[in-house]
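Each remark here refers to the structure printed beneath this line.
The values are calculated or read from the model by the stated rules, or taken from the named source; none is laboratory data. Note that the structure is a prediction, hence the values are computed from the model and not measured. Cβ placement follows ideal geometry from the backbone for every residue including glycine, while neighbour counts extend to all protein chains displayed.
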Amino acid sequence: MASVPYGPDMGHFWDGIAEGQFRYRKCNSCHTALPSGSWVCPECWSKDLNWEVASGSGVVWSYVVYHRPFSPKETVPYNVVLVDLDEGIRIVATVDCPDEDLYVGMPVESKFCEETSGKKLKFYPLEK
Ligand SMILES: [Zn+2]
């Protein structure tokens, strides 16, 4: 796997991706779910955090579709989506579907895909 630059707080997250687990932080004091890079709980200020495994499913909170590339290497259009995970965390992602199919409130799920650069976590519309 290609090395991924990260600080000590993100090591468990990236190790989880390589092992097929979507990990996030959870406060041991008040049980608030936190984004993976968190080092202190914003609710109770505790630094007593644990790593949990997310279900990987959630709903689209908002999204944008980019039609202009930031660099010549990018292929447009592409979407950038805010997903509210079932655990209560909002993350930035992309959803692998036609952009015109996206809508706020769309149920999505994540799946691990093997690519030449390593394992990737991707979001897809939830299959019914
Ligand atoms: Zn807390």
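Please indicate, with yes or no, whether at least one residue in region 69-82 is within 12 Å of the chain's Cα centre (by Cα), surrounded by 14 or more Cβ atoms within 10 Å (Cβ to Cβ) and closer than 26 Å to M10 by Cα. Break it down stepwise before answering.
Keep residues of region 69-82 that are within 12 Å of the chain's Cα centre (by Cα), which gives 80-82.
In the following step, the residues that additionally are surrounded by 14 or more Cβ atoms within 10 Å (Cβ to Cβ) were identified as 81-82.
Retained after the next criterion (residues that are closer than 26 Å to M10 by Cα): 81-82.
Checked against the condition, which is being within 12 Å of the chain's Cα centre (by Cα), surrounded by 14 or more Cβ atoms within 10 Å (Cβ to Cβ) and closer than 26 Å to M10 by Cα, region 69-82 yields at least one hit.
Evaluating I91 against the criteria (1) part of a loop (DSSP other than H, G, I, E, B); (2) touching a Leu at 6+ places or on another chain (Cβ under 8 Å) leaves one unmet condition, (1).
Answer yes or no as to whether G20 is surrounded by fewer than 18 Cβ atoms within 10 Å (Cβ to Cβ), away from the ligand (no atom under 16 Å from the Cβ) and not assigned by TED's automatic domain parsing to the domain that holds Y124.
In short, yes.
Taking region 70-128 as the range and being within 25 Å of E52 (Cβ to Cβ), touching a residue at least 60 places away in the same chain (Cβ under 8 Å) and not aromatic (F, W, Y) as the test, the residues that pass are L85, E87, I89, S110, G118, K119, K120, L121, L126.
Among the residues of region 38-66, those identified as within 16 Å of the ligand (Cβ to nearest atom) and either crowded, with 16+ Cβ neighbours inside 10 Å or under 16 Å from the mean Cα position of the chain (by Cα) (or both) are S38, C41, L49, W51, E52.
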